[in-house]
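To start, the structure under review is shown below, and the notes come after it.
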Amino acid sequence: MSQKPPTYLGGEYGMRSWLLTLDHKRIALLYLLGVTFFFLLGGVFAVLVRLELLTPAGDLFQSETYNKLFTLHGVFMVFFFLIPGIPAVLGNFLLPLMIGAKDLAFPRINLLSWYIYMVGGLFTLYAMLAGGVDTGWTFYTPYSSTYANSHVIAAALGIFVSGFSSILTGVNFIATIHKLRAPGLSWFRLPLFVWAHYATSLIMVLGTPVVAITILLVAVERLFHVGLFDPALGGDPILFQHLFWFYSHPAVYIMILPAMGVISEVIACFSQKRIFGYKFVAFSSLAIAVLGFLVWGHHMFVSGQSLYAGVVFSLLSFLVAIPSAVKVFNWIATLYRGSISFEAPMLYALGFIGLFTIGGLTGLFLATLAVDVHVHDTYFVVAHFHFVMVGGTVMAYLAGLHFWWPKMLGRLYPETLARITAVIIFVGFNLTFLPQFVLGYLGMPRRYHVYPLEFQVLNVLSTAGASILGLGFAMTAVYLPWSLRYGKKATPNPFDARGLEWTTTSPPMAHNFEEVPVVSTEAYERDEPEVVHV
Amino acid sequence: MVLIHEQASLMSEHGHVLPLRIYFGVFFALLAGTALTSWVATIDLGHLNDAVALAIAGTKAALVILFFMHVRYSSKLIWVFSLAGFVWLVLFFVLILADYETRVPVQGWG
Ligand SMILES: [Cu+2]
């Protein structure tokens, strides 16, 4: 037998070979570093916010400083962690492997997208160091226009730039999935992770240009006094919200669809079954991508938008619940009579199902016109979207990171420690955000750091939960790097999963496969026939 | 290499060569559209103002996409994606106008 080719981590060494790499797997690791950095940064701001909220008085920060803290938390978490997180790290690494390709369709564009992402992120970092931004991550006018008193333009420019990284990734994924599938790998044999990323890419390509231009329009108004959003100049501030949410609601699906893709893979593996209702799960991704573009006005029920539009957007928002529920029910049906084991990725995946369901259902409360009048801009909203983004996306990101860690880096993570951490994160998460539903329902508004005494107990609970959650993240940040040196060497398929990525070495070689794989089975097909109980 | 071959086949869809007169024809059509837009702007068509301006702009965009961007000579897949862009634009306008066209002025706020 001939010598095995070196893995993508070996072969070439040195900074240069990494910074100029065209290998999707190395670019994925570059993204992993970038995304982790911005997650830590966003995490630091979250800690400061939660510390301030321990007491009803504003004793740690001035109001202006507090405004900047929650803005920076939101900006870094949303634009530089949640949106690129799963697609740019796991998607980048896995798409070519899952479809039996040697790389993405446009390797150079892939590297370019990382550089653009980093430049955008560092630009925003500069805005932060230069004095910060206080508009909230949504950059609503007139906070960001008439009454802007911070480095809005610099931060917005950073987000504008990083948007192009998103667009390039989307274009790359779409071209790859259309053109580079291995022989025999028809659309309905694709892993659901690939379907999810296809739908995500559509949103990236169709939505991101709109937010980029919107941000540009804010700059145009400020610099050249063209009346777009400022009523004094003949503009309409609510127009900004239309333009912003046309992208930013679908952006939630940029975060959650790849997460759902991860969950499908993990559930199939650890219940040792095919995903129940494969086609429904696949098409529900596309349905979510399309319907997700028709609901943005649910952010604007109390903004001055017409009541008629509110009714339409409310109805359309309810429709998105259908494909989301299709996924949840199909995962549960997959678990039914599955041969389930509770490895760390599975614990995260089960956590995802519960938490995402709560996050999604409370979204329906918010999409109900009259209820929204009561809870709009309260902690109820904060709790809702953290259930979706942290309980959903972050849980799935951790599920995926653990699941493919052996594949990506060739080492097994410490299983027991990882399971304990998963439980800690689940407990910490719930203690942090469940009290916020109650706080919001009782009327505590978001984005204030001074609050009435009656809200203190729940806020203390929330901060306590955040410290447990933080402990969980910190443990992960220690044992994953630790495993790179001390973890057991991974076999090609340590979890007995299905999919082409598990047929090659761990970590894979530079061009992924020794020879082009040929696919002759459905996704998640198990060799042994399923036992039928009569 | 397979990869490079695949990339080449992605590119070849844009390889169609057009005679120059088509490019010039489209160019002058775009200029005419611009002139038309500014001329129409001097006439008050009431509610139709926006519709007419958008119709001209849409036609011009279609010309650019079909000829300058070679979509007319591209595969069905490229057609689907190009049309999707337009469909999305329509969704965008329809739902935004659902707000603007149905707003009720609040008494005392001019
Ligand atoms: Cu939304």
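Quote the accessible area belonging to A:LEU434 in square angstrom, nearest 10, computed with a 1.4 Å probe and with ligands, DNA and RNA left uncounted.
For A:LEU434, solvent-accessible area is about 80 Å².
Classify the range A:44-177 from the C-alpha gyration tensor, please: rounded if a/c falls under 1.5, else prolate or oblate depending on whether a/b exceeds b/c.
Numbers: a/c = 3.39, a/b = 2.12, b/c = 1.60.
Note, shape of the range A:44-177 comes out prolate.
Given all pairs of different Cα atoms, what value in angstroms does the Kirkwood hydrodynamic radius of the protein assembly as shown take? Walk me through the numbers on the way to the answer.
Working: mean 1/r = 0.0382 Å⁻¹.
The answer is 26.1 Å.
For the protein assembly as shown, what is the mean residue ellipticity at 222 nm derived from helices alone (per DSSP H run of n ≥ 4: -39500 (n - 2.57); sum divided by total residues; nearest 500 deg cm²/dmol)? Write out the running numbers ahead of the final one.
Numbers: 20 runs with 403 residues, N = 644.
Mean residue ellipticity, 222 nm, calculated: -21500 deg cm²/dmol.
Non-local amide H neighbours of A:ARG411 (under 5 Å, H modeled in plane, Pro and chain starts lacking H): which ones?
Those qualifying (amide H under 5 Å, at least 5 residues apart or on another chain) are A:ALA490.
Report the local net charge at A:TYR448: Lys and Arg +1, Asp and Glu -1, summed over other residues whose C-beta lies under 12 Å from its C-beta. Don't jump to the answer; show the numbers that get you there.
Numbers: positive: A:ARG446, A:ARG447; negative: A:GLU52, A:ASP377.
Around A:TYR448, the charge tally is 0.
Full-extension gain between A:ALA474 and A:ILE340, please, as 0.36 nm times their residue separation minus the C-alpha to C-alpha distance.
Numbers: separation 134, 0.36 × 134 = 48.24 nm, distance 2.82 nm.
In short, 45.4 nm is gained.
Mind grabbing the interface size between B and A? I mean buried accessible area, both sides, 1.4 Å probe, in Å² to the nearest hundred.
Details: alone 8960 and 21570 Å², together 28170 Å².
Buried surface at the B/A interface: approximately 2400 Å².
Which whole-angstrom value gives the distance between the alpha carbon centres of the range A:97-171 and the range A:304-358?
Computed from Cα coordinates, the inter-centre distance equals 28 Å.
Where does each of A:LYS4, A:LYS25 land when they are ordered by accessible area, with a 1.4 Å probe and the largest first?
Details: A:LYS4 105, A:LYS25 0 Å².
I get A:LYS4, A:LYS25, largest accessible area first.
From the phi of every residue in the range A:292-300, what ³J(HN,Hα) in whole Hz does the Karplus formula 6.51 cos²θ - 1.76 cosθ + 1.60 yield, where θ is phi - 60° and glycine or proline is x?
Result, rounded to whole Hz: x, 7, 10, 10, 4, x, 5, 7, 10.
Counting just the Cα atoms, what span does the range A:408-531 cover along each of its three principal axes? Round to the nearest Å and put the largest first.
Each principal axis gives a Cα extent; for the range A:408-531 these are 66, 36, 31 Å.
Would you list which lysines come within 29 Å of A:LYS407, measuring only between C-alpha atoms, while excluding same-chain residues fewer than 8 positions from it?
A:LYS4, A:LYS25, A:LYS102, A:LYS179, A:LYS273, A:LYS279, A:LYS327, A:LYS488, A:LYS489
Treat each spin label as a single point 7 Å out from the Cα along the C-beta direction, and report the A:VAL47 to A:LEU216 distance in nm.
3.9 nm
Determine the share of the protein assembly as shown's accessible area contributed by carbon and sulfur atoms, expressed in whole percent, with a 1.4 angstrom probe. Don't jump to the answer; show the numbers that get you there.
Working: 20190 of 28170 Å².
Within the protein assembly as shown, the accessible surface is 72 percent carbon and sulfur.
With θ taken as phi - 60° and the coefficients 6.51, -1.76 and 1.60, list the Karplus ³J(HN,Hα) couplings across the range A:203-212 in order, rounded to whole Hz; mark glycine and proline as x.
5, 4, 6, 7, x, 4, x, 5, 5, 4
Skip the ligands, DNA and RNA, and give the accessible area per residue of chain A with a 1.4 Å probe, whole Å².
Accessible area per residue, chain A: 38 Å².
R0 = 30 Å: FRET efficiency of A:TRP18 with B:SER74, Cβ-based, nearest 0.05?
Details: r = 37 Å, r/R0 = 1.22.
Calculated value: 0.25.
Between A:ASP496 and A:PHE37, what is 0.36 nm times their sequence separation minus the Cα-Cα distance? Round to one decimal in nm. Kindly include the intermediate steps, with their values, before the conclusion.
Values: separation 459, 0.36 × 459 = 165.24 nm, distance 3.20 nm.
Between A:ASP496 and A:PHE37, full extension yields an extra 162.0 nm.
The values are calculated or read from the model by the stated rules, or taken from the named source; none is laboratory data. Since the structure is predicted, the reported quantities are computational estimates derived from the model, not experimental observations. Every residue, glycine among them, receives a Cβ derived from its backbone with ideal geometry; neighbour counts consider all protein chains shown. The area values use the complete protein model at the heavy-atom level, side chains included, leaving out ligands, DNA and RNA. Shrake-Rupley method; radii C 1.70, N 1.55, O 1.52, S 1.80 Å.
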